[in-house]
Amino acid sequence: MLYLFKKLLMVTLVLVILSELAVLSLKFIDPPMWMWRIARSINPPESYPTAVLYQWHNLEQIAPSMQLAVIASEDQRFPHHHGIDWTELQNAILARQSGGQLRGASTITQQTAKNLYLWPSNSFVRKLVEAYFALLLELNLDKTRILEIYLNIIEFGPGIYGVEAASQHYFKRSASNLSQAQSAALASILPSPYRYSVLQPSTHLKNRRVWIQRQMRQLGSQHWAVQ
């Protein structure tokens, strides 16, 4: 029993060290590939293209309105939490217990962790690993770096990775020149980029864009913007 315990402890220690190195390296290296993109290429959805669109842009090359739009739509307490938004998680649980729909409470940091290191799944184990990596990201990287990685690896449609590729694809312009309305349009599809259309928005999506722009005005540009 003691032998097995020592082996388990050693394996755990190795995994912790490897995961720490994987996250710490992001301080200095832009991720050339990530697990979500690899999973898509191995088991592509029906609408997945043969060639993906992707181009890295540093955060200062991304319009402040786009930075604010994803915070307004996805994670308004992003500047203040430490990877997991316990308030939003509690609200989601209470809403579910009250008979409401089950809604997501993943932070931008958790979404970044999921895309970088994990696989498409809704299992409890994956959620635990996601939370672990989210805490590691917050311990090792500052908020600007986390947001920069997020905006460069998130999928904005089948095979469209990152805000620069999305901006060029949908609006024929660089992410540095996105307007507030265009930023809100891109942010509005993030809950389901395979179901929602930037160029042919449903009534629901149009209403969501209006809501995002209203949230952006309420948060204010001083809330988040890298100049």
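The values are calculated or read from the model by the stated rules, or taken from the named source; none is laboratory data. Fair warning: this is a prediction, and the values are worked out from it, not measured in the lab. No Cβ is skipped: glycine too gets one built from the backbone with ideal geometry, and neighbour counts run over all protein chains shown. Remember, those area values only see protein heavy atoms, side chains included, never the ligands or the DNA or RNA. Shrake-Rupley method; radii C 1.70, N 1.55, O 1.52, S 1.80 Å.
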Whole-percent carbon and sulfur share, accessible surface of the chain, 1.4 Å: 60 percent
Mean Kyte hydropathy of 1.0 or more with a Cα span along the axis of at least 30 Å, helices from DSSP in the chain: 2-24
Full-extension gain in nm, LEU8 to ALA22, via 0.36 nm per residue minus C-alpha separation: 2.9 nm
Backbone N within region 167-184 under 19 Å of label point (7 Å from GLN200 Cα along the Cβ vector): 169-172
Relative contact order (percent, whole number), the chain, Cα cutoff 8 Å, 6+ residue spacing: 29 percent
Cα gyration tensor category, rounded, prolate or oblate, for region 99-202 with a/c compared to 1.5: oblate
About the Cα centre, charge dipole magnitude for the chain (Lys/Arg +1, Asp/Glu -1 at Cβ), debye: 480 debye
Under 12 Å, Cβ to Cβ, from ALA185 - net charge with Lys/Arg +1 and Asp/Glu -1: +3
Charge context of VAL14, other residues only, Cβ under 15 angstrom, K/R +1, D/E -1: +1
